[in-house]
1. Which pairs have Cβ atoms under 8 Å, sit 6 or more apart or on different chains, and link a residue in the range 181-194 that is within 30 Å of residue 135 (Cα to Cα) to one that is buried (at least 17 other Cβ atoms within 10 Å of the Cβ) and basic (Lys, Arg)?
2. Looking at this structure, is residue 347 modelled with pLDDT of 95 or more and of a type in the set (A, V, I, L, M, F, W, C)?
3. Restricting to the range 352-372, give me the number of residues that are farther than 18 Å from residue 9 by Cα and not in a helix (DSSP H, G or I).
4. Looking only at the range 272-306, count every residue that is of a type in the set (Val, Ile, Thr) and closer than 25 Å to residue 220 by Cβ and tell me the total.
5. Examine the range 175-188 for a residue that is over 15 Å from the mean Cα position of the chain (by Cα), more than 29 Å from residue 33 (Cα to Cα) and of a type outside the set (A, V, I, L, M, F, W, C), and state whether such a residue exists.
6. Would it be correct to say that residue 172 is in contact (Cβ under 8 Å) with a residue 12 or more places away in the chain, in a helix (DSSP H, G or I), under 30 Å from residue 101 (Cβ atoms) and touching a Ser or Thr at 6+ places or on another chain (Cβ under 6 Å)?
7. Looking at the range 297-327 only, could you name the residues that are surrounded by 15 or more Cβ atoms within 10 Å (Cβ to Cβ) and within 20 Å of residue 265 (Cα to Cα)?
Amino acid sequence: MTGPLAGIRIVELAGIGPAPFACMMLADHGAEVIRIERPGAKKGGPGGDPTKDILQRSRKTIAVDLKSAAGIGVVHNLVASADGFVEGFRPGVTERLGLGPETLLKVTPRLVYGRMTGWGQEGPYAQAAGHDINYIALAGALHAFGRAGDKPTPPINMVGDFGGGAMMLAFGMVSALLHARTTGQGQVIDCAMTDGTALLMSMIWSFQGQGLWRDERGVNLLDSGAHFYDTYVCADGTYVSIGAIEPQFYAVLREKSGLSAEPAFDRQMDPRGWPELKEKLSAVFATRTRDEWCAILEHTDACFAPVLSMAEAPAHPHNVARGTFVELGGVVQPMPAPRYSVTPTVAPRMANEQSDTEALLDGLGYAPDEIAALKAAGAVA
C-alpha cells in the first residue's frame, strides 16, 4: 500500500460529479474506496462506460439493492469495517434508505459521514434541484466571470462541482478522519457547493473590502480588466496568457515585447488606461505566432504561458517532464496530485466492467452459501 491515506477504508454511494471526484482523490492518495452501485444501474457516468470514466478510477465496486433489507444489511456490514462514508443525494434520501448518519454512526461511532450537496442540508433551497451554474450563481461567483459588457460566463463546472464541492469534501473528510483517529469520535460533514464556492472567493471579498475590486465583470485586476493579466490572440489564431502583475515581471514583459520605451505603459496600475494599453498589447501579440512568442517569452519572468488545448497540454515538455498526464486504457487523464516525498500517491487504475461483489462479501466473512442466497434474492449482483 502506498499513499498517505493507506489503511483508510471509505464506503461510497455511487453518484455523479463532485462526490465521485472527492472519492477518486481519496483513492488516489491511498484510501481503499468501495463504491456501492445499484444492480443494473448505468455505470460509467454520462458515457456509460466505467472503463473510460476517470472519476471512477482506483476503486472496488459492489452492486447492492438499496431497497432490499438484506442489501441494506450488507451496507451496514461494510460500514462496520469502514472509516468513512460518502453520499451525494438530496437531504433525507439516505435516511429513508436506512443509511442516514444517525443510523450509521451507531454502527461505527468513529465514522466520518460525508454529505455532498449543492445547497446544503438545510436552507430554503435545500430540496431544490440544481447544477454547478446555479450554485456558483447564488454564491456570488458567477457574476464575476466574464468580460466587460458581456453576460456572466460559466467556467465549465470547475468552481462549484469540483473546487467548491469535491475539493472541500475531500479536505473535510481528511480533517474529520484525523479528529476521529485522535478521539474515536465520528461526525457528519455538511459540504455544500454554495458554501465552498463562497469560500473560494475569499481573496476577492478581501479586495472588495479594501476598495480594490469593483463589483463588475471585466474591469478588475484578475478578471481580464487589466492589460497585463489577460489572453491575447497571435498571428496564427492561437492564444497566449500574460499575468505580469508585479513591477519587475511587468518590466520583463515590456522589454521582451518591445514596449519599454512606450511611456503609456508606465502607468501600469491606473485602470483608466487599461483599455488603451490592452489595444496596443493586442496589436503587438498579433504580429507573431504563438510558437514565436514562446521562443521569446518562455523561461523568462514575464509570467507567460501558451494557452494549450486539451489535445496539446499532455504533450507540452513541462507536463511531460513532470508526468502530469498518463494514458490508461486509451483514456488520457491527469495523474494524482499533489506529490509526496515519503508516501507516493497510488498509480491510478481504471474501473472494471465487472464488480468486486463476491470478493468484498468474502472479505466481510460471508460464507459461499450466504453469498449465493443474497444473489438469488437480488440483494447483491
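1. The qualifying pairs are 186/110; 188/115; 189/115; 190/115; 191/115.
2. Details: modelled with pLDDT of 95 or more: no; of a type in the set (A, V, I, L, M, F, W, C): yes.
No: the conditions fail for residue 347.
3. Matching residues across the range 352-372 total 5.
4. Narrowing the range 272-306 to residues of a type in the set (Val, Ile, Thr): 284, 287, 289, 296, 300.
From the residues that got through so far, the ones that are closer than 25 Å to residue 220 by Cβ too are 284.
Result for the range 272-306: 1.
5. Just the residues of the range 175-188 that are over 15 Å from the mean Cα position of the chain (by Cα), to begin with: 175-188.
With the extra rule that they be more than 29 Å from residue 33 (Cα to Cα), the set shrinks to none.
Looking for residues that are over 15 Å from the mean Cα position of the chain (by Cα), more than 29 Å from residue 33 (Cα to Cα) and of a type outside the set (A, V, I, L, M, F, W, C), one finds none in the range 175-188, hence no.
6. Working: in contact (Cβ under 8 Å) with a residue 12 or more places away in the chain: yes; in a helix (DSSP H, G or I): yes; under 30 Å from residue 101 (Cβ atoms): yes; touching a Ser or Thr at 6+ places or on another chain (Cβ under 6 Å): no.
Criteria not met by residue 172.
7. 297, 301, 302, 303, 304, listed by residue number.
A quick yes/no check of all residues on (1) out of contact with any Ser or Thr (no Cβ under 9 Å at 6 or more places or on another chain); (2) assigned to a loop (DSSP other than H, G, I, E, B):
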| site | (1), (2) |
| --- | --- |
| 94 | no, no |
| 99 | yes, yes |
| 105 | yes, no |
| 109 | yes, yes |
| 119 | no, yes |
| 123 | no, yes |
| 128 | yes, yes |
| 133 | yes, no |
| 137 | yes, no |
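The values are calculated or read from the model by the stated rules, or taken from the named source; none is laboratory data. Since the structure is predicted, the reported quantities are computational estimates derived from the model, not experimental observations. Neighbour counts are summed over all protein chains in view; Cβ atoms, including those assigned to glycine, are modelled from backbone coordinates with ideal geometry.
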